[in-house]
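Some notes on the structure that comes next.
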There are 4 protein chains.
Amino acid sequence: MIVVIQCTDRVGLVAKISGLMAAENLNIVAMHEHVDKGENMFFMRLEVTDQPDADLLEQKLLQLLPEGAIVRVNPNPEKKAIVLVTKEYHCLADILVRNHFKTLGASVQCVIGNYTNLEDICKRFDVPFYHVAFENSKEEAENNLLNIISQYDYDYIVLAKFMRVLSPGFVSRFPNRLINIHHSFLPAFAGANPYRQAYERGVKLIGATAHFVTDELDEGPIIAQQIISADHSFTAPDMMKAGKEIETAVLAKALRMVFDDRVFICKNKTVVLE
Amino acid sequence: MIVVIQCTDRVGLVAKISGLMAAENLNIVAMHEHVDKGENMFFMRLEVTDQPDADLLEQKLLQLLPEGAIVRVNPNPEKKAIVLVTKEYHCLADILVRNHFKTLGASVQCVIGNYTNLEDICKRFDVPFYHVAFENSKEEAENNLLNIISQYDYDYIVLAKFMRVLSPGFVSRFPNRLINIHHSFLPAFAGANPYRQAYERGVKLIGATAHFVTDELDEGPIIAQQIISADHSFTAPDMMKAGKEIETAVLAKALRMVFDDRVFICKNKTVVLE
Amino acid sequence: MIVVIQCTDRVGLVAKISGLMAAENLNIVAMHEHVDKGENMFFMRLEVTDQPDADLLEQKLLQLLPEGAIVRVNPNPEKKAIVLVTKEYHCLADILVRNHFKTLGASVQCVIGNYTNLEDICKRFDVPFYHVAFENSKEEAENNLLNIISQYDYDYIVLAKFMRVLSPGFVSRFPNRLINIHHSFLPAFAGANPYRQAYERGVKLIGATAHFVTDELDEGPIIAQQIISADHSFTAPDMMKAGKEIETAVLAKALRMVFDDRVFICKNKTVVLE
Amino acid sequence: MIVVIQCTDRVGLVAKISGLMAAENLNIVAMHEHVDKGENMFFMRLEVTDQPDADLLEQKLLQLLPEGAIVRVNPNPEKKAIVLVTKEYHCLADILVRNHFKTLGASVQCVIGNYTNLEDICKRFDVPFYHVAFENSKEEAENNLLNIISQYDYDYIVLAKFMRVLSPGFVSRFPNRLINIHHSFLPAFAGANPYRQAYERGVKLIGATAHFVTDELDEGPIIAQQIISADHSFTAPDMMKAGKEIETAVLAKALRMVFDDRVFICKNKTVVLE
């Protein structure tokens, strides 16, 4: 069982929490905590071997903790995810393979694409695919997205190389639930064509950034980033090709962390209790 | 103030320890712990803002903890180190520079070399240098080492590219206090001429390993390791040259961790609470 | 068009070769060469935009070069590969996805497994799967392998986490054509259970090695290696899990290099002209 | 002997150049070339074992090459450098150590600081130190800099954590000769306080960039970049501390490349023939 806590920091919080766990005869097998001094916030993730009454434990924890605490006891052990894509297959295929072999940590409910070329790979893995055209009105397209999404139960929506900018109105419906992979080391090269930008700047590293989506384009809390080396011999298409490997790896890492209840959001940053 | 604890694992240890800290009105600003399930061992490092009576707190902690617990309250905030070298300057110079600018986390008491070419750099930093020849009898040489070492107060002896194999008798006098940098990714290429071995095997990575020294050559607990890429264009001397950069970085990292009381030894492994 | 040359080194080889290309009005768009001084061997890979008579150009090059030169003009632009697996899906799935989207640089002819659990994923991608049991006689099993392999045209056989040791007799039939992914940073932890070995040695890095298979187990020429960090919190299963990510990446990199005619074998090493 | 060539690309350039070398009986031991298709530019670096008449060879090469070619035969094998610093010691000390042990690839002529605290370390290595105050007029300070610089022979001026922005007028006097280390992964976090910016953005990587200085702040051609991981536990000072290690390593790498005649500038990018 996993217990996740986020609250204002106080002296003695760890003692109180671990004291309660001991009193309840719960064996803590893993405990990670972090205190953000600047924000005076406390974050904790516990793994407990036993399976007590989750609601009761949550109540007891809330009584113990400062007002406003967020406590989740045994959050969905397996998350549900909806995936949005455009044309590129690499992130989607990685997700579908892990989903198929039950190592994603979430079950993919459906895939929605603004092109149809990725329908085939979804069908091969028995995952429903929907096409929503974005050529005409964005408003209409987003309404179509909402209609499809509303048919499913989900915890997260993953933008797995979804290359359309969603409107603030759409984004605001899914706070802390929209995860995007951006093909650069943010904040460098935000916006369109990051590989072209990187090529023109002559950088020696290519990056990728997985982040939560907020109203401000490419400005949401960063979950994971990684880079690989590039050199003068890389054309912009070479950078794009090399970048796909790192995009796949970074998104996989971020999803593993999020689906395993290791990621906390604090203002515009994440705390990742690995 | 730093508190370091190593003991048999029990349910409720964190609660007890953090409870005591709260009862003593000590504000924990950083806490790292690890449980080795296989060995049933508990490791903890606490940073506390206040400065209580260290002996008294140590007593109280020992009463609280399982028998055989190792507790250090406020271990020397600045360590003392003796450095052994042969001919290569890169690790030594890095240590001397950090020592000089008070960022090493330890103060270098003296340097002992089995050649004299590094005497000059030591003098430039006002650090005593001793020459102990190893050409003739190893026994005599080690006795000379012991005589010099005995004149100093020290916590650790750092083999900063000391290229002589010390006898088991010598090593056994300094349990958990001898730190070596080995120029390969151990356990690959233990023993002599690791870069020659690496070259002949055609590896695509060059590594370095910082470890505690035990009786068995290159088999002691590993503290830190890192690698850099190599390719077919590297000759054995190229590997050695590139390796020096990584040796310097790995030893610096290991010393930072050890001197900051972040490294615990458990059988033949380390726990590094970064 | 690609031209690949391997021969004894001589003064003026580059001048001769590039002179011939200029005389033939062939526009070199990429040229990589390497000289192994120790072995006195010359390696070159050229990319030429034009499509001349391959046989004729090969003849002209052979006349120009020292005796014993190996020249391939326009080697199969797309290679053919047979994949051997056991139970783990990660490397196979990555290969099947790239194969499906035509980005592998080779076309997968069939997959052969000594278990049946990976048959399903092969079928989903319309790739033939064969089961060859290894429970009983290895000789019989290898004969069955040979029978299946003989039905296909192929350039390379990829051991994508194939966990049986093939006999020297079998291996010797496929010189420079058998590629294996080993789950450690070779030469560390050769043989069985490398993650268990790594766990017990307490290493701080986990590696993977792609190499050509020779008679001597895990001793063949290394094509690519990479590592990721580990720490004391990793159990042996954690290491295995983390290792799978790096195994997939390293094998993908090695296959990209091999299928793109960038890998030369020189005694027990590779030259990789990236 | 090293030969460095930069010119407009033409079919047959490599043949011509290597043909001339063969005709002159010069044995090429290393050859690296690159063609930038977009700019239609050719770059080559040759290492030749022999020592012919440099001027004569330069003439012959210029006759062979397209108009406007830049050719340097046997450029200063050891460069001369002037180093500018502010208060931080880490990059300077690394440079002074390598300089002292003759492994920098350049000899440090003098160090100029806008504070005096680094005078001591320079004296310890017998390197002249000058203090130029920047508190008052920048114009006056830059004039003082110019006066000191004019007393020395130099190939490059290295800004080793020099924390003052130099005026365009000053910069324009040293085209392609001013090398700076910036404490971020440019173009992210250009300008002042990059670690503060990085902290506030919540990035998961810390970078450093060595680049040539041009009129536009932090926009010059990038020579080398590298990163290390960070996480939520890093405060802005932690990032700065960790960043120093990577700054030192990146600047060392860049200087090694530049001093070894491996770096070519093409518009706002570099070609680094490693």
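Rule-based calculations on the coordinates, nothing more; no lab input. Every value quoted in this text rests on a predicted model; they were computed, and no experiment measured them. Using ideal geometry, Cβ is built from the backbone for each residue, glycine included, and neighbour counts are taken over all protein chains shown.
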Magnitude of the Cβ-charge dipole (Lys and Arg +1, Asp and Glu -1) of chain A about the Cα centre, nearest 20 debye, reported as 440 debye
B:Arg196-D:Ala236 pseudo-label distance in nm [points 7 Å out on the Cα-to-Cβ vector]: 5.3 nm
Between beta-carbons, use under 14 Å as the cut-off and find the net charge around D:Tyr199, counting Lys and Arg +1, Asp and Glu -1. +2
Diffing the stretch C:106-112: the Karplus 3J(HN,Hα) column from phi (6.51, -1.76, 1.60, θ = phi - 60°), in whole Hz with x for Gly and Pro, holds 8, 10, 7, 6, 6, 10, 10
Sort chain C into rounded, prolate or oblate with this rule: let a ≥ b ≥ c be the square roots of the eigenvalues of the Cα gyration tensor; rounded if a/c is under 1.5, and if a/c is not under 1.5, prolate when a/b is larger than b/c, oblate otherwise. prolate
Partner shielding of B:224-234, as the mean number of partner chain Cβ atoms within 10 Å, equals 5
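List, in the order given, every pair from A:Lys241/D:Lys16; C:Lys16/C:Lys80; B:Lys161/B:Lys253 whose Cα-Cα distance in the structure shown is over 27 Å. Show your work: numbers first, answer last.
Values: A:Lys241/D:Lys16 34 Å; C:Lys16/C:Lys80 33 Å; B:Lys161/B:Lys253 15 Å.
In this structure, A:Lys241/D:Lys16; C:Lys16/C:Lys80 lie more than 27 Å apart at Cα.
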Can you give me the long-range amide H partners of B:Leu159? Hydrogens built in the peptide plane at 1.01 Å from N, cutoff under 5 Å, separation of 5 or more residues or another chain. B:Leu84, B:Ile179, B:Asn180, B:Ile181
The answer for C:Ile28, listing residues at least 5 apart or on another chain whose modeled amide H is closer than 5 Å to its amide H, is D:Gly12
Order these peptides, C:146-153, B:93-100, by their mean beta-carbon neighbour count within 10 angstrom, highest first. B:93-100, C:146-153
Shielding score for B:198-210, defined as the mean number of other chain Cβ atoms within 10 Å: 5
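Just to verify a number: FRET efficiency for A:Met163 and C:Asn176, C-beta to C-beta distance, R0 = 35 Å, to 0.05?
On the way: r = 42 Å, r/R0 = 1.20.
The formula returns an efficiency of 0.25 here.
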Find which of A:Val250, A:Val171, A:Leu273 sits farthest along the positive direction of the dipole of chain A, computed with +1 on the beta-carbon of Lys and Arg, -1 on that of Asp and Glu, about the Cα centre. A:Val250
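Is there a pair in A:Lys269/D:Lys204; C:Lys244/C:Lys269; B:Lys87/B:Lys123 whose C-alpha atoms are over 18 Å apart, and which pairs would that be? Don't jump to the answer; show the numbers that get you there.
Working: A:Lys269/D:Lys204 10 Å; C:Lys244/C:Lys269 25 Å; B:Lys87/B:Lys123 16 Å.
Pairs exceeding the cut-off: C:Lys244/C:Lys269.
Among the DSSP beta bridges whose two residues both lie in the stretch C:1-142, what percent are antiparallel, rounded to the nearest 5? Kindly include the intermediate steps, with their values, before the conclusion.
On the way: 19 of 29 bridges.
Beta bridges within the stretch C:1-142, antiparallel portion: roughly 65 percent.
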Charges on Cβ only, +1 for Lys and Arg, -1 for Asp and Glu, centred on the Cα centroid of the stretch A:79-272; of A:Gln225, A:Pro194, A:Val213, which one is farthest towards the dipole's positive end? A:Gln225
Quick one: which residues, 5 or more positions from D:Ser107 or on another chain, have an amide H under 5 Å from its amide H? H modelled 1.01 Å from N in the peptide plane, none for Pro or chain starts. D:Lys79, D:Lys80, D:Ala81
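I need to check one value: relative contact order of the stretch C:43-189, counting alpha carbon pairs closer than 8 Å and at least 6 residues apart, in percent. Please report the intermediate quantities before stating the final value.
Values: 175 pairs, mean separation 33.2, N = 147.
Answer for the stretch C:43-189 is 23 percent.
Please label the shape of the stretch A:2-73 as rounded, prolate or oblate, based on the square roots a ≥ b ≥ c of the eigenvalues of the alpha-carbon gyration tensor (a/c under 1.5 means rounded; beyond that, a/b larger than b/c means prolate, else oblate). Don't skip to the end; give the middle numbers.
On the way: a/c = 1.88, a/b = 1.55, b/c = 1.21.
It is prolate, given that a/c is not under 1.5 and a/b is the larger ratio.
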Positive-end extreme of charge dipole, chain B - chosen from B:Gln51, B:Leu146, B:Cys110 (charges on Cβ): B:Cys110
DSSP beta bridge pairing in the stretch C:79-272, given as percent antiparallel to the nearest 5: 45 percent
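Assigning unit charges at the beta carbon (Lys, Arg +1; Asp, Glu -1) and nothing else, what dipole magnitude in debye, to the nearest 20, does the protein assembly as shown show about its Cα centre? Write down the numbers at each step before the final one.
Numbers: 112 positive and 140 negative charges, 0 e Å.
The dipole of the protein assembly as shown has a size of about 0 debye.
Sorted by packing (mean other beta-carbon atoms within 10 Å per residue), highest first, where do C:192-205, D:118-131 land?
Highest-to-lowest ranking by the protection proxy: C:192-205, D:118-131.
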Give me the extension gain from C:Leu217 to C:Leu62: residue separation times 0.36 nm, minus the current Cα-Cα distance, reported in nm with one decimal. 52.3 nm
How many nm separate the modelled label positions at D:Lys37 and D:Lys123, each set 7 Å beyond the Cα in the direction of the Cβ? 5.9 nm
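Taking the Cα centre of the stretch B:135-199 as the origin, how large is its charge dipole in debye, to the nearest 20, when only Lys and Arg (+1) and Asp and Glu (-1) carry charge on their Cβ atoms?
Working: 6 positive and 6 negative charges, 60 e Å.
With only Lys, Arg, Asp and Glu charged at Cβ, the dipole is about 280 debye.
Lys and Arg at +1, Asp and Glu at -1: add these up for the other residues within a Cβ distance under 13 Å of B:Val35 and post the number.
Neighbourhood net charge equals -3.
How many partner chain Cβ atoms sit within 10 Å of a residue's Cβ in peptide A:22-33, on average, as a whole number? Don't skip to the answer; put the middle values down first.
Working: counts 8, 2, 0, 2, 2, 2, 7, 2, 5, 5, 3, 6.
Across the residues of A:22-33, the mean count of other-chain Cβ atoms within 10 Å is 4.
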Hand me the GluC sites (Glu not before Pro) from the stretch C:206-271 located in a DSSP loop with no more than 16 other Cβ atoms within 10 Å, in residue order please. C:Glu216, C:Glu219
